[in-house]
1. Given the peptides 46-55, 23-32, arrange them by the average over their residues of other C-beta atoms within 10 Å, most packed first.
2. For segment 67-150, what is the accessible area per residue in Å², given a 1.4 Å probe and the full set of protein chains?
3. Give me the percent of accessible area attributable to carbon and sulfur for segment 61-131, probe 1.4 angstrom.
4. Order of 34-41, 110-117 by packing, highest average Cβ count within 10 Å first?
5. Under a cut-off of 18 Å between alpha-carbon atoms, report the aspartates and glutamates in cross-link reach of Lys84, not counting same-chain residues fewer than 8 places apart.
6. If you take the beta carbon distance between Ser85 and Arg114 as r and set R0 to 35 Å, what does 1/(1 + (r/R0)^6) give as a FRET efficiency, to the nearest 0.05?
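The values are calculated or read from the model by the stated rules, or taken from the named source; none is laboratory data. Everything numeric here is computed off the predicted structure, so don't read it as measured data. Neighbour counts are summed over all protein chains in view; Cβ atoms, including those assigned to glycine, are modelled from backbone coordinates with ideal geometry. Quick note on the areas: whole protein, heavy atoms, side chains included, nothing else; ligands and nucleic acids left out. Shrake-Rupley method; radii C 1.70, N 1.55, O 1.52, S 1.80 Å.
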Amino acid sequence: MVDPAMMTASMTDSRHFSIEQANASLPLVGSIVSDLVELSRAMVSRRELLSQVKEQRAEGEQSIYDEELQDVEDCLKSDAERLKSYVEELADLGVHVRSMSEGVVGFPAMLKHRQVYLSWKLGELSVEHWHGQDEGFEARRPLELGPQNR
């Protein structure tokens, strides 16, 4: 699986999003994230199935399905490149992938003079949470939408 942490810029190299900018980008970001999640989950399933098939074969045993297994492995390599391109597309927009399988992304932002991520998960209608730069999804807190943030 591609590690998104290795493929995105650090917070200091990123642009900062306002809540409004993050929400305005959700139609495009959501579409990419949806594709990312679907492909990521399909790849996990295919890898598990491929691994099980290979484990059931005796060491060095030839199979009439070797060619098909190689085709699946080649498809997985191609899918990994496509997955990487989705992550890069999001990174080009300034969005950091936090979880491919769950569809969680972070929008770098400044909140009360602190670098944070505005946190969004596939299926949510808008960006309504944030977490610290070194924290994960489980540390999300609701945004306090006062007059200065609306």
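1. Details: 46-55: 11.7, 23-32: 15.6.
Ranking the peptides 46-55, 23-32 by packing returns 23-32, 46-55.
2. Details: 4770 Å² over 84 residues.
Per residue, segment 67-150 has an accessible area of 57 Å².
3. Details: 1910 of 3840 Å².
About 50 percent, which is the carbon plus sulfur part of the accessible surface.
4. Details: 34-41: 17.6, 110-117: 14.4.
Put in order of decreasing packing, that is 34-41, 110-117.
5. Within reach: Asp3, Asp35, Glu38, Glu73, Asp74, Asp92, Glu102.
6. Working: r = 32 Å, r/R0 = 0.91.
Given R0 = 35 Å and the Cβ-Cβ separation, E is 0.65.
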